[in-house]
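In what follows, a single structure is set out as structure tokens and then discussed.
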Amino acid sequence: MKTRVIILACALLAGASAAAQTIYDATAIAQKDLNGTARFVGMGGAMSALGGDISVMGTNPAGIGIYRSNDVMTTFGYSLSSTEIDNRGTTLSADKARWNFDNIGAVISTKIGNVTPLRYVNFGFNYHKAKSFYRNRRAAGDLGGYTQLDVIAAQADGLTPDDWKGVNVFDTDYIGWLSALGKEGQLIEPVRYMDEQGNPLFFNNEWELTTESEASNGVPNTPAYYYSNIAGWYPYLREFRSYERGGVDQYDLNVSFNVNDRVYLGLTVGIYDVDYSKYSLYNEDSEGEGGRGYMLESYNDISGSGVDVKFGVIVRPFEYSPLRVGLAVHTPVFYNLTYSTSAILTSDYTDQVIDTYNYVDGDMWYDFNLRTPWVINASLGYTVGSSLALGAEYEYADYSNMDFTYAEGGAMDFLNDEAGYCLKGVHTLRLGTELKPVSAFSLRAGYNFTTSAYKGNAYKALALNSLTTDTDFANLKSAHTVTLGLGYHTGSFYADLAYKLDTYKSDFYPFMSEGIQPMKETDTRSKVLLTLGYRF
């Protein structure tokens, strides 16, 4: 019963409109990868105070003010991601490799004068892949006595038999799609609570059983129908698979200023394009019963666009010192997004295939708005002649402040409250160095540490009327990134090569149920980048 309490207590916050996407989708869109030019990546992205690289217009726009010549460049990459999930000793892994077009940009540097306070006005454009969603997951094995069907049944709690009659169960504002699939596939059934005298009992506003007289005494209530699954089995996860694809493309437009070669100011307008898709397959049956069970397939897409503004300043506080201090503020990205979804349930009990596409004549979709967190970036840079550069920076963003609204206006209270319950502030530390043993060659190294966006008790909550049918989620822990790089510069031409390795662990849940133990997930992502550029 505790599983039902968790889901239904959160569901009471839902509005009349059905919620579909979750805070996990939103967090994935809001967070960015370390990506850009090979020089930027090779130094771990710790160049916000050093400047002089096209990619810094996305972290500290003032860094473009360092330029004293024009620059054009492009970057290509090859990536390999691997995800391993260990479930009680049953370990499965999935890999995904792909070529990438990561980055293209240009800077136009305009000299104003040598003696005027304003020395340069520079303009820049940069495209890069801010986020890549390419990942495959696989899991299987013993579920420890827990079943996804309890989650499906819990979503239907409180619905009476009359609620199902004479309606399209996939096109109402009070029936969630998980429960609709379970009911249509005859995997769940209602049970009516009665007291010893045969009188009906009720759920009160805490979803606890109460009598009819207590319920009529001004206490919000609903008839005490709860739902149970019909399986009667010891559940076994035959197969779980998910494929995530797409990414977030970022287009930056920059203007920056050099004042007395000591103060640099910059502004960047960022335009974002989101294209995210996820397919998941969940196949559960009874161990030792010949594979009798069900299979649930979910298809989800999020697409749309967004915009933000970044302000930055870099200062050389001491006239004869190469020390640079940087500060940048990023406004939230204001996204207008569209969510679309469909699902297929195949039930061995009834030999039925329930396809939501046939019930609603296509995908179910709706528009919504997402506002990501503010970002604060503070940085230091130091150079020793032209042979050594050191960079360090700290970044903070509070993901509990993400905001969801309906396209037609009004807050999406359920998701906003879930963000506050489950998310927290994220701290990122970036360190980088560049050494030039000779003038034409550079050696680079970098390191990133990023804390988790999820609180320890975070989970994927579904509203009573949610369209969401994929129940899996992963609570990512702290992430580590190590980078190495090489650079070659001759005349106006330059070529840079970088290698990046991301590693992080997660607690993976195929669904949320009180007491279920998480599966242990390990992700590694390797990437090689090549940048070719020309300065003139």
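Quick notes on this structure:
- The residue that is surrounded by the most Cβ atoms within 10 Å (Cβ to Cβ), among those in the stretch 468-487 that are part of a loop (DSSP other than H, G, I, E, B) and of a type outside the set (D, E, K, R), is Thr469.
- Restricting the stretch 307-363 to residues that are among the polar types (S, T, N, Q) and closer than 30 Å to Thr27 by Cβ, the residue that is surrounded by the most Cβ atoms within 10 Å (Cβ to Cβ): Thr356
Every residue, every condition in (1) more than 30 Å from Leu327 (Cα to Cα); (2) at pLDDT 95 or above, yes or no:
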| residue | (1), (2) |
| --- | --- |
| Gly63 | no, yes |
| Tyr67 | no, yes |
| Thr74 | no, yes |
| Tyr78 | yes, yes |
| Ser82 | yes, no |
| Asn87 | yes, no |
| Ala97 | yes, no |
| Asn100 | yes, no |
| Asn103 | no, no |
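- Enumeration of residues in the stretch 508-536 that are in contact with a Ser or Thr (Cβ under 6 Å, 6 or more places away or on another chain), part of a loop (DSSP other than H, G, I, E, B) and either more than 18 Å from Arg88 (Cα to Cα) or of a type outside the set (Phe, Trp, Tyr) (or both): Ser513, Glu514, Phe536
- Any chance Ser298 is polar (S, T, N, Q) and at pLDDT below 95: no
- Filter pass, Lys460 being among the basic types (Lys, Arg) and closer than 26 Å to Lys424 by Cβ: yes
- Number of the condition not met by Gly312 [criteria: (1) in contact (Cβ under 8 Å) with a residue 60 or more places away in the chain; (2) small (Gly, Ala, Ser); (3) under 24 Å from Phe404 (Cα atoms)]: (3)
Listed here are the residues, each with its yes/no results for (1) modelled with pLDDT under 95; (2) assigned to a helix (DSSP H, G or I); (3) among the small types (Gly, Ala, Ser); (4) open to solvent by less than 20 Å² (accessible area, probe 1.4 Å).
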position	(1), (2), (3), (4)
Thr428	no, no, no, yes
Ser442	no, no, yes, yes
Tyr447	no, no, no, no
Gly456	yes, no, yes, no
Ala463	yes, no, yes, yes
Ser466	yes, no, yes, yes
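- Contact map, the stretch 248-274: residues that are over 30 Å from Asn336 (Cα atoms) paired with residues that are outside any strand (DSSP E or B) and among the aliphatic types (A, V, I, L, M), Cβ distance under 6 Å, separation 6+ or inter-chain. Pairs shown: Tyr264/Ala62.
- Each residue in the stretch 297-306 was checked for being open to solvent by 40 Å² or more (accessible area, probe 1.4 Å) and more than 18 Å from Tyr24 (Cα to Cα), and 1 pass.
- Residue ID - least open to solvent (accessible area, probe 1.4 Å), chosen from residues in the stretch 502-513 that are among the hydroxyl-bearing types (Ser, Thr, Tyr) and in contact (Cβ under 8 Å) with a residue 40 or more places away in the chain: Ser513
- For the stretch 393-403, the criterion of a residue being assigned to a strand (DSSP E or B), open to solvent by 30 Å² or more (accessible area, probe 1.4 Å) and not acidic (Asp, Glu) is satisfied by at least one position.
- Residue pairs whose Cβ atoms lie under 7 Å apart, sitting 6 or more positions apart in sequence or on different chains, and linking a residue in the stretch 377-403 that is within 17 Å of Thr433 (Cβ to Cβ) to a partner that is in a loop (DSSP other than H, G, I, E, B) and of a type in the set (Ser, Thr, Tyr), are Ser379/Ser48; Glu393/Ser48.
- Test result for Trp374, under 30 Å from Arg324 (Cβ atoms), open to solvent by 60 Å² or more (accessible area, probe 1.4 Å) and of a type in the set (Phe, Trp, Tyr): yes
- Within the stretch 478-501, residues that are more than 9 Å from Ala38 (Cβ to Cβ) reach partners that are among the basic types (Lys, Arg) with beta carbons closer than 6 Å, at six or more positions or on different chains, in the pairs Thr483/Lys500; Ser492/Arg535; Lys500/Lys527.
- Residue within the stretch 58-79 that is closer than 22 Å to Arg316 by Cβ, of a type in the set (Lys, Arg) and in contact (Cβ under 8 Å) with a residue 24 or more places away in the chain present: yes
- Number of residues in the stretch 125-136 that are farther than 18 Å from Ser526 by Cβ and out of contact with any Gly (no Cβ under 7 Å at 6 or more places or on another chain): the value is 1.
- Meets criteria (out of contact with any Asp or Glu (no Cβ under 9 Å at 6 or more places or on another chain), open to solvent by 10 Å² or more (accessible area, probe 1.4 Å) and either among the acidic types (Asp, Glu) or under 30 Å from Asn60 (Cα atoms) (or both)) for Gly385: yes
- Selection of first residues in the stretch 517-534 that are of a type in the set (A, V, I, L, M) and of second residues that are open to solvent by 50 Å² or more (accessible area, probe 1.4 Å), restricted to Cβ pairs under 7 Å at least 6 apart or on distinct chains, gives the following pairs, ordered by first then second residue: Met519/Asp86; Val528/Tyr78; Val528/Tyr499; Leu530/Phe76; Leu530/Leu497.
The values are calculated or read from the model by the stated rules, or taken from the named source; none is laboratory data. Keep in mind that this is a model prediction, so the values were computed, not measured. Methodologically, a virtual Cβ is constructed for each residue, glycine included, from the backbone with ideal geometry; neighbour enumeration extends over all protein chains shown. What goes into the accessible areas is simple: the full protein's heavy atoms, side chains included, and nothing from ligands, DNA or RNA. Shrake-Rupley method; radii C 1.70, N 1.55, O 1.52, S 1.80 Å.
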